[in-house]
Amino acid sequence: MTRVGAPQSATPWKLDRLRWRVTRARIRADHRRFVALRREQRPDAPGRAYLHPAFLAVLLYRLSNHLYRAGHPWLARLFWHLNLVLTGADISEPADIGEGFVVPTPAGVAIMGVAGRNLTVMACSGLGGEMGRRDDIGAGPGLPVLGDDVTMEPHTGVLGPVRIGDSVRI
């Protein structure tokens, strides 16, 4: 239900429901991209990537996001807490991130907003709202929108209602 006079926008707390098939496809794309990036540094068996904290952070986010969109906010919050405790990554369950999401070092990462395909977030980076700014540019009040193929280097942040284009290194 919307208030009369309220802006009509796609807000993160009213996301469309994702089918399990779509969530699985995103997880597979995340895994493929993680294995490809990891292979450049250290050739491992692709199956071992599922146990790596970097992939575990993305997997737990995908599960919490799926549960959130399916109308199970308490169960989604449980997976968010597991992610925070096990990997140190604070990736909010309503965050809308495209496939190919990689967090090479999850400790200290905080994400809330919208991002396109192939987002890479390094250690101690953040994406989220800014106190007092309530403008809605498509991610929800005060939240940023990132395009495809964005890389956030260590100790960077994107705060507030800003729009970042495609193929950007921050």
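The values are calculated or read from the model by the stated rules, or taken from the named source; none is laboratory data. Worth saying up front: this structure is predicted, and the values here are computed from it rather than measured. Ideal geometry is used to build each Cβ from the backbone, glycine not excepted, and the neighbour counts take in all protein chains shown. The area values use the complete protein model at the heavy-atom level, side chains included, leaving out ligands, DNA and RNA. Shrake-Rupley method; radii C 1.70, N 1.55, O 1.52, S 1.80 Å.
Values computed for the structure shown
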read-out: Length gained when the stretch THR156-ASP136 is fully extended (0.36 nm per residue, less Cα-Cα span); value: 5.0 nm
read-out: Cα-based helix-to-principal-axis angle, 53-69 vs the chain, degrees rounded to 10; value: 30 degrees
read-out: Solvent accessible area, Å² - ILE27, 1.4 Å probe, full protein context; value: 20 Å²
read-out: With DNA, RNA and ligands ignored, accessible area of LEU146 (1.4 Å probe; Å², nearest 10); value: 10 Å²
read-out: Accessible heavy-atom area order of ILE164, ILE111, highest first, probe of 1.4 Å; value: ILE164, ILE111
read-out: Stretchable slack from ARG48 to ILE170, in nm (0.36 nm times residue separation minus alpha-carbon distance); value: 41.0 nm
read-out: HN-Hα J in Hz across segment 125-130 - Karplus 6.51, -1.76, 1.60, θ = phi - 60°, x for Gly and Pro; value: 10, x, 9, x, x, 10
read-out: Counting DSSP beta bridges with both ends in the chain, the antiparallel % (nearest 5); value: 5 percent
read-out: Estimated D of segment 43-113 in µm² per second, where Rh is the Kirkwood radius over Cα pairs and Stokes-Einstein applies at 25 °C, 0.890 mPa s; value: 202 µm²/s
read-out: Portion, in percent, of the accessible area of the chain that falls on carbon or sulfur, probe 1.4 Å; value: 58 percent
read-out: In degrees, nearest ten, helix 73-87 long axis to first principal axis of the chain (Cα); value: 40 degrees
read-out: Long-range Cα-Cα pairs in the chain (distance over 26 Å), rounded percent; value: 24 percent
read-out: C-alpha long axis of helix 20-41 to longest principal axis of the chain, angle in °; value: 50 degrees
read-out: Cα centre as origin, Lys/Arg/Asp/Glu Cβ charges: the chain dipole, Debye; value: 600 debye
read-out: Neighbourhood charge, 13 Å Cβ-Cβ cut-off, centred on ASN83 and excluding it, Lys, Arg +1 and Asp, Glu -1; value: 0
read-out: Accessible area per residue, Å², the chain with all protein chains present, probe 1.4 Å; value: 54 Å²
